[in-house]
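Q: The structure follows.
Read-outs throughout are calculated quantities, based only on the coordinates presented, and are distinct from any laboratory measurement. In this text, all values refer to a predicted model and were calculated from it rather than measured experimentally. Virtual Cβ from ideal backbone geometry, glycine too; neighbours counted across all protein chains shown.
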Amino acid sequence: MLFFIIIILSITGSILILYKLFIHKFLSLTVQVKSQLCEQDTYDTCSTNSGCGCFHMDATPGIGVCGFLWVACAKLAPCDPVAKTCSNADSICVRHPRCHPHPVCYPSILIDEKICPPVDRQHHYGHNLTLPYHNFHLPFVFSSTAPTNGDITIPWYIHTSGFGFLWNQPGYGSFDVQNDKEIMWTANATHQLDLWITTIPKEESLSSLFYPILMKNYVDVVGRPNPLPHFASGFWQSKNRYRSQEEFLDVAKGYYDRQIPVSIIVIDFYHWTELGDWKFNSTCWPDIPQMMNQLQSYGMKLTVSIWPHVSEDSENFITMKSEGLLTHDANGSAIVTSDNLHIPDQFNPATRYFIWNIVKTNYFDYQIKIYWLDADEPEKSQPELQWWYDRHDVEIAMVWAREHQRTFWDGLRDEKEEEIIMLSRQAWIGSHRMNVAVWSGDIDSSWEELLKQIKVAQNVALSAIYWWTTDIGGYRHDDLDDNQFQELILRWFQFGAFCPLFRLHGERQHHYGHNLTLPYHNFHLPFVFSSTAPTNGDITIPWYIHTSGFGFLWNQPGYGSFDVQNDKEIMWAANATHQLDLWITTIPKEESLSSLFYPILMKNYVNVIGHPNPLPHFASGFWQSKNRYRSQQEFLDVAKGYYDRQIPVSVIVIDFYHWTELGDWKFNSTCWPNIPQMMNQLQSYGMKLMVSIWPHVSEYSENFITMKTEGLLTHDANGSAIVTSDNLHIPDQFNPVTRYFIWNKVKTNYFDYQIKTYWLDADEPEKSQPELQWWYDRHDVEIAMVWAREHQRTFWDGLREEKEEEEIIMLSRQAWIGSHRMNVAVWSGDIDSSWEELLKQIKVAQNVALSAIYWWTTDIGGYRHDDLDDNQFQELILRWFQFGAFCPLFRLHGERYPPLPNNECGFSGGHNEVWLFNYSRQIIDIIKLRESLRDYVEYHLNISHENGTPILRPMFYDFNNDIECYNSEDQYMFGSDYLVAPIYTYQATSRSVYLPAIDKQNSVWQHYYTKRIYDGGQRYNISTTLNDFPLFVKIASDDIEILVY
């Protein structure tokens, strides 16, 4: 018989325990509305549904609920101003400043997780461990469906009221602290559980040091930790991963020769041939005794990574399967993962005995006695399908790792080993008694993560996990060429030295952060791209350039992956396809790698995929945009403001929700009543208009019934239209009839008013449902990456039919091979407003350039998480303008905070007009500088049209023989004459700039602002003020009478 159990603790000075026992074979708890709390800023992202945001509750400052954003303000009633409640029981009182300055009653149904699925179902310290005391984080919700990488649950809770509560039930369930008066633990299913509560003695008060009393009581019950082996208290050296014995020993020798003390050095995963062999690959690790002797001479202990999984190609698989040592389902059949792996049944003593004997033979007998039990949640488990030793995982899953650890603990103790330590990614109550150390999993390399780890470390401490460590520097998403990361790892070392265990580990990379598949290998090796569906700000152009002088194009627009594991092997994989194109180009035999070969490869590339067209003249100037103008009058006031101040604007943009419903593809006539008058006024100012067009179709749109009836919408395999959680549909843009239908709506409602420039936002398409969608009788797994290009074709074909070929440009958030031939410009999506993001965009810009996306821009200032009242942001937007002026397109956009008050036409972000920024004089000077460079920009984009060379390109494109140019990712060439080194740190007074040697005789570098002359081939520290930045021009040195610096 299984029990479904809920325990509620009510804390009101004394402790009250209420038991509710529901005895069923299977039972689930059902509530009408299930919502999630959030602690982000108002309207910030809190859900995988981008239409949802965080609404702060008036009664709990700083804490909110995640709800759907786009509700008509007129439908929201005010809250009771005193009680801060709603008369309607189906509503909740929240702050919604876009609608009203006072709190409003928000429908509870719109905060349901069905509408706003959580980004992360847990409120915790990022990636680590259930919270053991409430002060650091309240409210707190833990929901366990299966242990995962970096998430460990020790169900021990300490309260400042002087008690501790232990819930020893290792199955799936939840732990919920909704306020400081109620704690709820839930077990989904169990045969039994232990509840244990401890308090401080009566004679102690809460003003005394009572936490040590509670912790002593706790370890008296769960067991005391053993003393740490001496060798484990020093520095641990690790990385992802050493490829061979020789490479590994070179590193060990490097530490020894430099007299850098190392206690433990680690061999990470895939030193084996197959998962489940539990032994070294003898080809790459040929002489283990010699390796161990060398390490012993250095005074280093060895740790090896041991994963629990068993491949069907492992030499041990047949035996383990036939003897019933693998995880099985309710019928006794072995459970296999999608990549043909199996998980051992570690509850079975025979399994543990079998694995230990393999480990003993292949590691222990070579004096390798320290084991890193990675991925031991276990990773790749299949919750609620698994049975272990005749017990269902719903009851015992959280303790699987401890039984896995027991394999090694029992084995080592049988061998009379006293100095035991093993490192694990998972733990349970009592793991510490088997000398298990824990690390915090595969965490990000970021300043935010470092702060989380500082808090996690304290959290872990009160969970009786006494031996703990973190990956110094973080595990993933770093960049060795990023100065920020280099400082981050220093600070992380300072923290790590004062953790119980002191361990360096990580997957170090050279890469560009968040955007576009890498087109050349130096910046990121190894590199892995895996596509499941295009997303906001991530574009894949599958074109790869190598420094060996070749390029590789993979024209297959379905889901798949691209993997560069080393400098000798590149692997592309297509999940499903009817056909694909492979194309490789090389430099001619007569050319050498010392010549300028990148332009040759790019010319070959565009000769195959098509040359870009010349940029329309109007598009080379300044673009003004914001999120969003609420009405025609507000919009025209901004346009007039620029005109009256004589600030040149080429393109001005009307952003989203100028319509009534998504899929109407026309202006809301209430807020935009006179389009001809608006267009006449803009024409008198010399400004072109761009309007935002989203692809989605609401079920309330005037076009929905027709499009559904005529089969113009995305459908499933059975032909039924697919609807999103917020009643939206995605057009089937592979269907020519769909494109014709949409263009006719756009023509009538925009083009016929002389609005001919379109911003194709959210055209990945956003809100898609991968692997369920069918378009024009083709499954999305084969063609999803090219949906956006077919969407773009709608407007390209329509405009060409109207004879508008000379002046076409459309802005898109997505692209594919050939999009540039339809005059598609790309921007980098809804990026953060931060210094870190500015640096990423500088690198992304160069990456984009070699992908044959020639017209590119970024949201100057970033899109989100800014604050107009923040001096850092005011300086950031100035520095971003300096960068943006030297991008192919020069465009301001963003959602500024605080927002403007809502009115009858809806919400609007804060002001985004340049004369309102703190450094408006400097920004206007930059706009005028760009205006003076428009002929230069158009000239170099014509060169792109002729031979494929981008205007913005990495330093090595022009100077491929200079190794320093490969390392100078934070600066770039803009055309043949300008070297741009943007400022990307707050309050910078200088930055390092590398000026390469110029082959052209008598040519030198001149600082644009100071006019000082510099020789090439050197790195300089260049001073800067808010009035300038390091911008250099290549000039002839003849007759210059200024001293060379």
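Q: Quick one: if you take sqrt(5λ) for each eigenvalue of the C-alpha gyration tensor of the range 844-971, what semi-axes come out, biggest first, whole angstrom?
A: Each semi-axis is the square root of five times an eigenvalue, giving 32, 16, 14 Å.
Q: Take every Cα-Cα pair in the range 951-1036 and report what % of them are more than 23 Å apart.
A: In whole percent, the long-distance tail amounts to 15.
Q: Taking only Cα atoms, what is the 0 to 90° angle, nearest 10, from helix 920-932's long axis to the longest principal axis of the chain?
A: So the inclination is approximately 60 degrees.
Q: Filter the GluC sites (Glu not before Pro) in the range 204-268 down to the DSSP loop ones having no more than 16 other Cβ atoms within 10 Å, then list what survives.
A: Passing both the DSSP loop test and the Cβ count: Glu204.
Q: Quick test of your reading: applying the under-4.7 Å Cβ rule, which cysteines of the chain are isolated?
A: Cys284, Cys499, Cys887, Cys965
Q: With r as the distance between the Cβ atoms of Gln646 and Ser990 and R0 = 25 Å, compute the FRET efficiency 1/(1 + (r/R0)^6) and round to 0.05.
A: Working from the Cβ atoms, E equals 0.15.
Q: How big is the range 694-821 by the Kirkwood estimate over distinct Cα pairs, in Å?
A: Here the Kirkwood hydrodynamic radius works out to 15.0 Å.
Q: GluC sites (Glu not before Pro) within the range 650-730: which are DSSP loop residues with at most 12 other Cβ atoms inside 10 Å?
A: Those that pass, being in a loop and sparsely packed, are Glu710.
Q: Looking at the range 74-104, which trypsin sites (Lys or Arg not before Pro) are DSSP coil and have at most 14 other C-beta atoms within 10 Å of their C-beta?
A: Sparse-neighbourhood loop trypsin sites (Lys or Arg not before Pro): Lys84.
Q: Continuing with this model, one more query. Taking +1 at the Cβ of each Lys and Arg and -1 at the Cβ of each Asp and Glu, which of Ser595, Phe165, Asn847 sits farthest along the dipole of the chain towards its positive end, judged by Cα position relative to the Cα centre?
A: With unit charges placed on the Cβ atoms, the residue in question is Phe165.
Q: Hey, another quick one. Which lysines, on any chain, are close to Lys202 with Cα under 28 Å apart, when same-chain ones fewer than 8 places away are left out?
A: Within the straight-line limit of under 28 Å, Lys202 reaches these lysines: Lys181, Lys216.
Q: A follow-up question, please. Just to confirm the number: angle between the C-alpha axis of helix 598-609 and the first principal axis of the chain, 0 to 90 degrees, nearest 10?
A: 80 degrees
Q: Quick one: 3J(HN,Hα) in Hz for the range 752-765, Karplus 6.51/-1.76/1.60 with θ = phi - 60°, rounded, Gly and Pro as x.
A: With the stated coefficients, the range 752-765 comes to 5, 9, 6, 9, 10, 10, 10, 9, 8, 7, 6, 9, 5, x Hz.
Q: Mind ordering 385-392, 889-896, 724-731 by average Cβ neighbours within 10 Å, highest first?
A: 889-896, 724-731, 385-392
Q: Something else: Taking 8 Å as the Cα distance limit and 6 or more residues as the minimum spacing, I'd like the relative contact order of the chain as a percentage.
A: Reported relative contact order: 8 percent.
Q: Over the range 37-111, calculate the relative contact order: mean separation of alpha carbon pairs under 8 Å at least 6 apart, over the residue count, as a percent.
A: 25 percent
Q: Then there's this: Once the Cα atoms of helix 447-461 and of the chain are each reduced to a long axis, what angle between those two axes, in degrees from 0 to 90 to the nearest 10, is obtained?
A: Long axis of 447-461 versus the principal axis of the chain: about 10 degrees.
Q: Divide, for the chain, the radius of gyration over alpha carbons by 2.2 N^0.38 Å, where N is the residue count.
A: After normalising by residue count via 2.2 N^0.38 Å, the value is 1.01.
Q: For the range 262-338, divide the Cα radius of gyration by the Kirkwood radius and give the resulting Rg/Rh value with two decimals.
A: Value, to two decimals: 1.12.
Q: Take the residue pairs Lys84/Lys452; Lys745/Lys803; Lys301/Lys360; Lys239/Lys369; Lys708/Lys767; Lys626/Lys756 and return only those whose Cα atoms are more than 23 Å apart.
A: Lys84/Lys452
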